[in-house]
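Heads up: the structure comes next, in structure tokens.
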Amino acid sequence: MQKILVIEDEESVRSNLLKILQFEKFHVIGAENGYVGLQVAKEQVPDLILCDIMMPELDGYAVRNTLSEDPVTATIPFIFLTAKVDKADMRLGMSLGADDYLTKPFTRNELLNTIFARLDKQAAFNIQFQEKLDRLRGSITYSLPHELLIPLTQIQQVLQTITNTSDSIDQHKIQEMTKGAYASSLRLQRQLQNFLLYALLQNTAVDLEQVKGLRGNCTSMATSAIADVAIEKAKDFEREFDLHLELQDTSIPILEANLAKIVEELIDNAFKFSPPGTPVRIESILDRNMFILYVEDQGRGMTNEQIAKLGAYMQFERKYEQQGIGLGLTIAKRLAELYGGELTIDSIPGKTTVCVTLPM
């Protein structure tokens, strides 16, 4: 049984609404003012809220604004009840997250049609969300164990070989094997760190205070931070001569470690998916109040569908995947968004350009 909360200070109106909805087999709860409505909404978490705008002490706008700050109640369908509404009032209500308006007096059919429309829309949203969640679970179930087991197995094999043949294997061979095992351990470490970072960023995104805290940081010498990461990545892939840097220095309101992480993931992908001997270009420019970073490679590229489906654990053409569980681009994208920016991808066969835009 779907639960509807009615916040209305006029007792006769509230009573009529409760009777109509009870007759339609809804589980209904009445609240005589905004304060009571807020408490009930947080305790009961209804499927939909009907709320009068003009109420003493705490009006409908304040109720909606407070509920929107709580992730638990922010997505509850919310319908304003009002004796009159002009464009300014409607814009204010919609900016606070209202889903619809009902202007008094309204008929029984108008009330029910509006409610059913909002509940149907919410049901469709819930289905889509569940489908995305199921796909994410499936990706985690398949990708995460597979990608973590590969380097772990390589490390175990090296250790087992050295243990079983330590008397007969020469020192040079042991050094080669341990070097490979160390590389596998670094790969495993990076994958685990990315997994934990992604979970942290998802939690941060729904905490307004944490987001505000992030945006209070600054990187004073962006060129140096970007160049250091780019050069180290080029060395990792033994492609120092493929790296081309064209950077403009400035201060950017982003934590240096997070800027470095964005750059690291984008350049890692650029080298990973482009052939040695082809250029990887890193360029930064200042455009009005925006800092724009371009990372360009001449790899196989991505289709529009692949770009549209950019998300956690997505593998683009997995048969070509070399390493990683596809979190790099997602982490870079999420970081840019947390700082009020965006990440876009423009790709054709033979050329991919990733653009990160951050407000100054």
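So here's what we get for this one:
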item: Contour excess over end-to-end distance, with Cα ends at residue 231 and residue 54 and 0.36 nm allotted per residue; result: 57.6 nm
item: Residue list for segment 12-27, given a label point 7 angstrom along the Cα-to-Cβ vector of residue 116 and an amide N cut-off under 13 Å; result: 24-25
item: Burial ordering of 294, 182, fewest other beta-carbon atoms within 10 Å first; result: 182, 294
item: Spacing of the two label points (7 Å from each Cα toward its C-beta) at residue 24 and residue 160, in nm; result: 6.5
item: Ranked list, fewest to most other Cβ atoms within 10 Å of each Cβ, for 251, 185; result: 251, 185
item: Gain on full stretching of the segment that runs from residue 69 to residue 288 - 0.36 nm per residue minus C-alpha separation; result: 75.6 nm
item: Entries in 235/272; 233/272; 173/235; 19/121 that, when Cα-Cα distance is taken, lie over 18 Å; result: 173/235; 19/121
item: Protection proxy ranking, peptides 103-112, 155-164, average beta carbon neighbours within 10 Å, highest first; result: 155-164, 103-112
item: Ranked 11, 265, criterion: other C-beta atoms within 10 Å, fewest first; result: 11, 265
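Quick note: the coordinates plus some simple rules give every number you see, no bench work behind them. Everything numeric in this text was worked out from a predicted model, so none of it was measured. Because the Cβ atoms are built from the backbone with ideal geometry, glycine has one as well, and the counts that use them run over all protein chains shown.
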